[in-house]
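First the structure, in the form of structure tokens, and then the observations on it.
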Amino acid sequence: IKAENKSVYKQVKYLNNITGYPVYESQGVEYFPTGEKYFKSLIEDLKKAKKFICIEYFILAKGKLWEDIEIILRQKAASGVKIKIIVDEWGSMTRRPRDFFEEAKDIEIEN
């Protein structure tokens, strides 16, 4: 990175120093040109989870996509998989049902 872009290298070095974790390990990036392709991949990955699931959303709202995800999360939670959902309260304020986290407790989802 240093040879390719010194500015990016400085950012990577800073983040590594602050967090103690490397930023670049040649892990690769997968590009999803459409939301449908992203959610198809997400569903497949959720089904493969064995120990934990950690997902983060800016906006969380009930609907077809959430229903599909919720079914898998309930199955995984019942089989002992730890689940963490990080939700932007501000971004979800008008979309997330008020009882979402109460319902989430029923399926052992931590927030």
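The values are calculated or read from the model by the stated rules, or taken from the named source; none is laboratory data. Remember, predicted model here, so these are calculated numbers, not experimental data. Neighbour counts run over all protein chains shown; Cβ positions are idealised from the backbone, glycine included. SASA here: full protein model, heavy atoms, side chains in, ligands and nucleic acids out. Shrake-Rupley method; radii C 1.70, N 1.55, O 1.52, S 1.80 Å.
Using a 10 angstrom Cβ neighbour count of at most 14 plus a DSSP loop assignment to flag exposed chymotrypsin sites (Phe, Trp or Tyr not before Pro), which longest range of the chain is free of such sites?
59-111
Quick one: grab the alpha carbon gyration tensor of the chain, order the square roots of its eigenvalues as a ≥ b ≥ c, and give me rounded if a/c is under 1.5, else prolate or oblate depending on whether a/b is larger than b/c.
Prolate is the answer for the chain, as a/c is 1.5 or above and a/b outweighs b/c.
Using the heavy atoms of the protein chains alone and a 1.4 angstrom probe, what is the accessible area of the chain per residue in square angstrom?
I get 80 Å² per residue for this part.
In whole percent, what relative contact order does the chain give with Cα contacts below 8 Å and a gap of six or more residues?
Taking the mean separation of contacting Cα pairs over the length of the chain, I get 23 percent.
With angles folded into 0 to 90 degrees, how steeply does helix 35-48 sit against the dominant principal axis of the chain? Use alpha carbons for both and round to 10.
80
GluC sites (Glu not before Pro), restricted to segment 26-59: which are DSSP loop and have at most 13 other Cβ atoms within 10 Å?
Answer by residue number: E30.
Trypsin sites (Lys or Arg not before Pro) within segment 32-111: which are DSSP loop residues with at most 15 other Cβ atoms inside 10 Å? Intermediate results must be reported in sequence, preceding the final value.
Working: sites: K37, K40, K47, K48, K50, K51, K62, K64, R74, K76, K82, K84, R95, R98, K105; in loops: K50, K51, K62, R95, R98.
The qualifying sites are K50, K51, K62, R95, R98.
Can you tell me the FRET efficiency between Y9 and K64 if r is taken as the Cβ-Cβ distance and R0 is 41 Å, rounded to the nearest 0.05?
0.45
For segment 2-52, which whole-number percentage of the solvent-accessible area (1.4 Å probe, protein heavy atoms only) is attributable to carbon and sulfur atoms?
On segment 2-52, the fraction of accessible area on carbon and sulfur atoms equals 55 percent.
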